[in-house]
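Written below as structure tokens is the structure these notes are about.
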Amino acid sequence: MTETRLFLLQRISALVLAPMVILHLVVILYATRAGLSAEAILARTGSTPLWPVFYALFVVAAAVHAPIGLRNILREWTPLSRGVTDWLSLGFGVVLLVLGLRAVWAVSGWAA
Amino acid sequence: MSDTVQTPTAEPGGSGIKTLEVQIWRGGAEGAFETFSVPRRDNQTVLDVVTEVQRHHVPDLAYRFACRVGVCGSCAMTVNGTPRWTCRTHVGKVAGDGKLSIAPLRNLPVIRDLVTDMGEFFDKWTKAGGKFTGTRSRAEPMAEVDPTSRARRNADAGIECINCAVCYSACDVVSWDKDYLGPAALNRAWTLLNDSRHAAQNETLAAATAHGGCGSCHTQGSCMRACPVGISPTRSIAGIKRMSLLDFLGMRRS
């Protein structure tokens with residue numbers, strides 16, 4: 001994976017994330033303002049495959065985007081070697097991906 | 001050039017002050033500031049002050065200059081904390097309180113006093129793909145470049161760089177990341193990427209986007225603010241980023 005590829009992946013994942021973050025925030029504000037209970041929310045997220053698909057894409061984009069930025073920060077601000085920053089960032093990406101997809105699975109209602 | 005010719009009376013901060021308190025860096029990386037008293041004169045530049053200190057106080061003071069008129073790019077130093085061409089900086093502009101601190105350029109190894117080793121700066125120029133590769137011999141007709149084309153105007157905006165390293169010294173990313181190629185080298189790459197005569201387009205783009213290339217820039221704009229000829233390397237670097245994205249998507253022009 002070249003630096004150029006990583007740079008472009010980060011930009012492209014940002015393009016994907018930007019509208020998704022906005023929609024995510026709008027939905028959160030709507031759900032809490034409307035006073036929906038947790039059960040009601042879970043019933044809605046499980047009612048259509050649209051929400052699990054939306055959040056699965058969200059999680060993947062975030063898991064690509066965040067570790068690349070974290071890697072740059074580690075390289076500029078810590079004395080860690082390039083190999084160490086690569087592995088730390090990759091590990092962070094895997095953690096984001098696993099935790100995120102696990103949450104998506106839980107709200108999808110497919111496990112039930 | 002932003003400096004205008006100033007009459008003695010019009011110089012800001014010039015009235016009243018008879019003597020300048022000048023701190024000059026002595027030694028290498030390990031060193032200290034030494035203080036000198038230098039008479040305040042009309043139309044005095046910071047380079048004049050350094051020269052006066054060398055002639056009348058410390059004959060062994062090491063510093064670089066050549067043209068004295070902002071053409072050669074060899075006299076850049078850190079003046080009151082900011083990288084500047086000393087030859088084109090009037091004392092009245094920077095030392096209204098009569099105090100001057102003159103240090104070598106930041107981000108480059110100090111050889112002695114005000115002289116830095118600019119080797120890495122020029123090496124990175126080449127590393128960013130800054131070497132021109134022509135295709136025509138002198139027997140062939142000259143290449144025609146449309147002066148109104150977008151590429152020519154992009155190149156125009158960055159072409160006046162004289163390698164003074166003021167931007168390199170102003171850049172925080174350079175101080176954090178020794179592999180970062182820096183604003184001047186990437187600006188050079190951008191002018192070549194907009195030069196239709198340059199044959200090694202793909203090589204230059206690959207070099208300018210590799211590790212330490214345009215992806216490391218934080219778009220802070222320190223280079224743009226410090227550049228004595230008003231170039232915006234920030235804009236040039238953004239251009240390379242855009243070009244690399246278009247190249248990746250197979251939408252790059254030319």
Scanning the stretch B:107-123 for residues that are over 17 Å from B:Cys223 (Cα atoms) and of a type in the set (S, T, N, Q) gives B:Thr116
Residue in the stretch A:1-27 that is nearest to the other protein chains (Cβ to nearest Cβ), counting only those that are among the hydroxyl-bearing types (Ser, Thr, Tyr) and open to solvent by less than 50 Å² (accessible area, probe 1.4 Å):
A:Thr4
Here is a list of conditions, (1) open to solvent by 40 Å² or more (accessible area, probe 1.4 Å); (2) at pLDDT 95 or above, and B:Arg41 meets all of them except one; can you say which number that is?
(2)
Quick test for you: out of A:Thr4, A:Thr32, A:Thr48, pick the one residue that is among the hydroxyl-bearing types (Ser, Thr, Tyr), closer than 30 Å to B:Ser216 by Cβ and out of contact with any Cys (no Cβ under 6 Å at 6 or more places or on another chain).
A:Thr4
Verdict on A:Arg82 being of a type in the set (Lys, Arg) and open to solvent by less than 70 Å² (accessible area, probe 1.4 Å)
no
Spot the failing condition for B:His198; the list is (1) within 14 Å of chain A (Cβ to nearest Cβ); (2) over 24 Å from B:Cys75 (Cβ atoms); (3) surrounded by 15 or more Cβ atoms within 10 Å (Cβ to Cβ), and only one is missed.
(1)
Could you figure out which of (1) over 29 Å from B:Gly27 (Cα atoms); (2) touching a His at 6+ places or on another chain (Cβ under 8 Å) isn't true of B:Lys127?
(2)
Positions within the stretch B:225-254 being within 21 Å of the chain's Cα centre (by Cα), part of a helix (DSSP H, G or I) and crowded, with 19+ Cβ neighbours inside 10 Å, in sequence order:
B:Ala226, B:Pro233, B:Thr234, B:Ser236, B:Ile237, B:Gly239, B:Ile240
Filtering the stretch B:201-224 down to residues that are in a helix (DSSP H, G or I) and open to solvent by 40 Å² or more (accessible area, probe 1.4 Å), which residue is farthest from the other protein chains (Cβ to nearest Cβ)?
B:Met224
Being closer than 30 Å to A:Glu39 by Cβ and open to solvent by 60 Å² or more (accessible area, probe 1.4 Å) is the filter here; which residues of the stretch A:53-79 pass it?
A:Val53, A:Leu57, A:Val60
With a cut-off of at least 1 residues that are out of contact with any helix residue (DSSP H, G or I) (no Cβ under 8 Å at 6 or more places or on another chain), name the strands (runs of 3 or more DSSP E) lying wholly within the stretch B:56-116.
B:99-103, B:110-112
Within the stretch B:166-185, which residues are crowded, with 24+ Cβ neighbours inside 10 Å and touching a Phe, Trp or Tyr at 6+ places or on another chain (Cβ under 6 Å)?
B:Tyr168, B:Val174, B:Gly182, B:Ala184, B:Ala185
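The values are calculated or read from the model by the stated rules, or taken from the named source; none is laboratory data. Just so you know, these numbers come straight off a predicted model, no measurement behind them. Note that each Cβ is placed from the backbone with ideal geometry, even for glycine, and that neighbours are counted across all protein chains shown. Please note that ligands, DNA and RNA were not included when accessible areas were found on the heavy atoms of the full protein model with its side chains. Shrake-Rupley method; radii C 1.70, N 1.55, O 1.52, S 1.80 Å.
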